[in-house]
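Asks: One structure is given below, represented as C-alpha cells, and several questions about it will come after.
Bear in mind these aren't lab numbers, they're just calculated from the coordinates by the rules spelled out. No experiment lies behind these values; they were computed from the predicted model shown. Virtual Cβ from ideal backbone geometry, glycine too; neighbours counted across all protein chains shown.
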Amino acid sequence: MTSTQALPAPPTQSRRGGRPRPPRRSRTGLGRPWVALGFLLPTILYVVAFFGYPIYYNLSMSLRDFTVRSFYTGEAPFVGLDNYTAVISDPVFGQTVLNTVLFTVGSLFFQFVIGLALAVFFRHNFPLSGLLRSLLLLPWLLPLVVSGALWKWILAQDYGVLNQTLEGLALVSSPVPWLTSTEWALISVTLVNVWIGIPFNMVILYGGLQAIPESLYEAAFLDGAGPWQAFRNVTLPLLRPVIAVVLMLGLVYTIKVFDVIMVLTGGGPAQASETLTTWSYALSFDEFAFGQGAAVGNLLIVVALVFALIYLRSVRRSMKEEQ
Amino acid sequence: MATTSAARRRTPAARRNIVVNRSWLKSALGVAILSVLLFPLYWMVNASLLPSDELLRQPPVWFPINGTLAGYASAISTQGPHLVTSFIVSFGVVTVTLVLAAPAAYALAQLRVRGGIPLVLVLLVVQMLPGIVMANSLYGVFNQVGLVDNYIGLILADSTLAVPFAILLLRTFMHGVPRELSEAARVDGAGYWRTFWSVIVPVSRNGLITAGLFAFLLSWADFLFAVTLTTGRSFEPITVGIYRFVGNQTTNWNGLMATAVLASIPAAILLILAQRYVAAGVTGGAVKQ
C-alpha cells in the first residue's frame, strides 16, 4: 500500500528504500540472530512486564469484585461478567458513550478540516513559512494540563476574555457558562481539543501534500482545471491514504483524551462532558470500584484495537517493502 | 483585451515582482492565522504578568504594561518543588528510555533479526492503549510491590509513554546509517557490542538527542500516571500541582498562569532544538517515512 510512503522523509532516511538488497550471509553464520536477541532482550522483557502483564491484570481485575480492600487483603472474588453488566446497565453508560462519540467525531472533523486547510496553505514555501509552520506546533507540544488551565482562564464565565469579547461586540447578552452548564460543557471541551489537535493533522497532511508531484498540478492546469478542481481531482484522491492514517491515529488518540477534560470540567457538570476515559477514572479512583473501572477500560481497548488493526495493515505492507 | 495585452507587455522582472508581492501577502495572511491560533498562548503569558487587580478588569487588559513578576514569585514559591520533582522524574525517564531503546533499535534496524517486524507491530499497538487502562492496572500492580508514591514507580510508569516511541523513532533513524559502516567495524575485528557503542551510537547522536527530548517532554507532560500513582503525601509532579491549583475555588490566576508558562518552557526548548525532527516525531516514528 502506498499510504505511508506518501509521508515525508525524515532528514536521515537514505534513498535505499526501493532497491532490493542481495541476501548477505553473516560471517558468523548463526551467530547473528542470537546477538540480535541480546540487544532486544531487555526490551522484550520490558514489554512483557509493563504492557503484557498490566493488560492481563486489567482483564483479571474486570472479572473480579475489586475494591480498595483487595489491595491489602489480596481478596477479590471472581464475579464473572458482573462488572460489565453493572457498567452497561448503569444509566450513565448511554450518556457517556454518546458523549465519547460526539467528542471524538467533533474533534476529528474540525481538526481535520482546519488542519487540511492549513496544510494546503503552507504547501508552497513563502517567506517565513518554515518559521510559521513550526510555531504552529506549539499547542501540540504543550503539556495538556497547561492547555486545559489556560483555556479555563479564557473560558471563565465572568472575567474570561472570550465572554468579555463576545459581550463587548454585543454578540451575547449575558455571559455564556462555557464550562459550568450542561449544554455547553461538552462543546467547550471539544473546542479546546480541536485547538490542540490541529497541528498534528496539519503536519501529517502537509507531509502528504509534499509527496504529490508538482507535474500533476501543471497537467491539471493545462487541461483548464481551476484551483478547486485541482484540489478535488488531484489533491484529494492522491492524499487519501494519508487522510486515512490521520483519521485513524486521530481517533485512537482522541478516545483516550483525559487530561483536557479533567482540568476543564472533570467530566461535569452532571456528567455532561464525561467520556468513557474519564468515567473509567472516576469509577476506579473516586468510587474505588476498580473492577468496573477496568471493565470500562477494556471496552475502550476493544474500540482502540479495531482501529489500530486497520492502521497496522497499512503499516505492515510498507514495512515489508522496506525490508 | 487591453488587460491581456498589458499583461503580455510586462517584463519578466515585473512578473517576478507580482509573484514576490503575492508571496509576501501570503506571509501576512500566515502571520494573521498564526496570531489567532496562538492567541491563547499570548493570553497565558499576558495573565502571568498582570498585577492581580488588573486581571479581572473589564474590559480586559490586553497588554501587561504595568507588568509584575509577582505571579512568577508565587509560582516558584508554591510550585517550585513540583517543578523539581518533574525534572527528576523526567531525567529518570530519559535514562530508562535511551538505555532500553538504543540497543533495541540497533538490533531492529541493522541486524535484520527474525521476529523484528512482529515486535515493531507490538510496539505500535501498545502506543495506542488507552492511558487510563495502563494507570488502572499499574496502580494495582504497584500497590502490591510498594511502588505507589515512589519516584522509581513513577519513572517506570512514565517510561511506558516513551519507550515504544523512542524505539520506533531510533529504528527509522538507524535505518539511515549505511550498513557498510558497521560491517567495516566488524571486519576490523570489533564485536557487535563494540560496533554498537563506538560506531552506531556516535553516528546516531541526533536521533538519540531527539528521542531523549521527546522522552523528557512526554514524562514532563504526563498527568494521568502522576495523578493516579502519587498521593501528594511525599511528592507531586508539576502537572498535578497545576491541576490542584486550578481546582482551588479562590484561584490566583496570575500565579497559575505563571506556573503554566514555566511548565511550557521544556516544550518551547524542544521546538527550538529539535525543530527538524518534531514533525517526524508527530507520527510516533510509526511509519516508514
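Asks: List every residue whose amide H lies under 5 Å from the amide H of A:Arg64, counting only residues 5 or more places away in sequence or on a different chain, with H placed 1.01 Å from N in the peptide plane.
Replies: A:Val79
Asks: Another question, then. Lys/Arg Cβ at +1, Asp/Glu Cβ at -1, dipole of the range A:37-190 taken about the Cα centre: which of A:Leu41, A:Ala185, A:Thr104 is farthest positive-ward?
Replies: Among A:Leu41, A:Ala185, A:Thr104, the one farthest towards the positive end of the dipole of the range A:37-190 is A:Leu41.
Asks: Mean Kyte-Doolittle of at least 0.0 plus a Cα span of 18 Å or more along the axis: flag which DSSP H helices in chain B meet both, please.
Replies: B:12-37, B:70-110, B:131-145, B:151-175, B:205-221, B:253-273
Asks: Once you have a ≥ b ≥ c as the square roots of the Cα gyration tensor eigenvalues for chain B, tell me rounded if a/c is under 1.5, and otherwise prolate or oblate according to whether a/b is larger than b/c.
Replies: Oblate is the answer for chain B, as a/c is 1.5 or above yet b/c matches or exceeds a/b.
Asks: Another question about this same structure. Less than 14 Å Cβ to Cβ from A:Asn83, Lys/Arg counted +1 and Asp/Glu -1: what total charge do the surrounding residues give?
Replies: Neighbour charge sum, excluding A:Asn83 itself: -3.
Asks: Work out how much length A:Glu287 to A:Ser181 would gain on full extension: take 0.36 nm times their residue separation and subtract the Cα-Cα distance, in nm to one decimal.
Replies: Stretched fully, the A:Glu287-A:Ser181 segment lengthens by 35.8 nm.
Asks: Full extension from B:Glu180 to B:Ile117: what is 0.36 nm times the residue separation minus their Cα-Cα distance, to one decimal in nm?
Replies: 20.5 nm
Asks: Per DSSP H run of at least 4 residues, take -39500 (n - 2.57); add these up for chain A, divide by its residues and hand me the 222 nm value, nearest 500 deg cm²/dmol.
Replies: -20000 deg cm²/dmol
Asks: Shifting gears a bit: Measure out, as a whole number of angstrom, how far apart the alpha-carbon centroids of the range B:139-160 and the range A:178-207 sit.
Replies: 31
Asks: For B:Phe63 paired with A:Asp90, estimate the spin-label separation in nm (one decimal), with each label point 7 Å from Cα along the Cα-to-Cβ line.
Replies: Each label point is offset 7 Å from its Cα along the Cβ direction, giving 5.2 nm.
Asks: With helices defined as uninterrupted DSSP H runs, which ones in chain A have an alpha carbon span along their own long axis of at least 30 Å and mean Kyte-Doolittle hydropathy of at least 0.5?
Replies: Flagged H segments are A:91-121, A:185-210, A:290-322.
Asks: Let me ask you something else. How high is the relative contact order of the range A:97-275, in percent, with contacts defined as C-alpha pairs under 8 Å that are six or more residues apart?
Replies: Computed over the range A:97-275, the figure is 37 percent.
Asks: Rounded to the nearest 20 debye, what is the charge dipole size of the protein assembly as shown about its Cα centre when +1 sits on each Lys and Arg Cβ and -1 on each Asp and Glu Cβ?
Replies: Rounded to the nearest 20 debye, it is 3380 debye.
Asks: Enumerate the residues in the range B:24-63 having an amide nitrogen under 14 Å from the point lying 7 Å beyond the Cα of A:His124 toward its Cβ.
Replies: B:24-27
Asks: Also, I was wondering about something else. Let me know the charge dipole size of chain A about its Cα centre in debye, to the nearest 20, where only the beta-carbon of Lys, Arg (+1) and Asp, Glu (-1) is charged.
Replies: Dipole about the Cα centre, nearest 20: 2160 debye.
Asks: So if I average 1/r over every pair of distinct C-alpha atoms in the range A:97-275 and take the inverse, what Kirkwood radius in Å does that give?
Replies: The Cα-based Kirkwood calculation yields 18.0 Å.
Asks: May I pose another question? Can you give the local net charge around A:Tyr206? Use residues other than it whose beta-carbon is closer than 10 angstrom to its beta-carbon, Lys and Arg +1, Asp and Glu -1.
Replies: Once all neighbours under 10 Å are counted, the net charge is +2.
Asks: Place a +1 charge on the Cβ of each Lys and Arg in the range B:71-284 and a -1 charge on the Cβ of each Asp and Glu, then give the dipole magnitude about the Cα centre in debye, rounded to the nearest 20.
Replies: I would put it at about 380 debye.
Asks: Suppose R0 equals 60 Å; then what is the FRET efficiency for A:Leu166 and A:Leu41 from their Cβ-Cβ distance, rounded to the nearest 0.05?
Replies: 0.50
Asks: Next question. Going toward the positive end of the dipole of chain A, with +1 on Lys and Arg Cβ and -1 on Asp and Glu Cβ, which of A:Pro213, A:Trp151, A:Ala282 do you reach last?
Replies: A:Pro213
Asks: Next question, about the same structure. Identify which of B:Gly92, B:Gly191, B:Gly30 has the largest mean-square fluctuation in a Gaussian network model of chain B, with springs joining Cα atoms closer than 10 Å.
Replies: Result: B:Gly30 has the largest fluctuation of those listed.
Asks: Given A:Leu81, A:Gly52, A:Leu138, which one lies farthest toward the positive end of the charge dipole of chain A, if we put +1 on the Cβ of every Lys and Arg and -1 on the Cβ of every Asp and Glu?
Replies: A:Gly52
Asks: What does the charge count around B:Val61 come to, taking other residues whose C-beta lies under 11 Å from its C-beta (Lys +1, Arg +1, Asp -1, Glu -1)?
Replies: Local net charge: -1.
Asks: Evaluate the Debye formula for the protein assembly as shown with equal point scatterers sitting on the alpha carbons, no solvent, and hand back log10 of I(q)/I(0) at q = 0.06, 0.09, 0.10 Å⁻¹, in q order, two decimals.
Replies: Each listed q corresponds, in turn, to -0.35, -0.79, -0.96.
Asks: Zone of A:Phe221 (label point 7 Å along Cα→Cβ, backbone N under 20 Å): which residues in the range A:235-278?
Replies: Those under the cut-off are A:235-239.
Asks: Among B:Met44, B:Met174, B:Met128, which one shows the biggest mean-square fluctuation in a GNM of chain B, springs joining Cα atoms closer than 10 Å?
Replies: Among B:Met44, B:Met174, B:Met128, the largest mean-square fluctuation in the Gaussian network model of chain B belongs to B:Met128.
Asks: If you don't mind, another one. Report relative contact order for chain B in percent, whole number only (criteria: Cα-Cα under 8 Å, sequence separation at least 6).
Replies: This gives 30 percent for chain B.
Asks: Cα atoms only: what Rg and Dmax, in Å, come out for chain A?
Replies: Expressed in Å, the Cα Rg and Dmax of chain A come to 24.5, 80.
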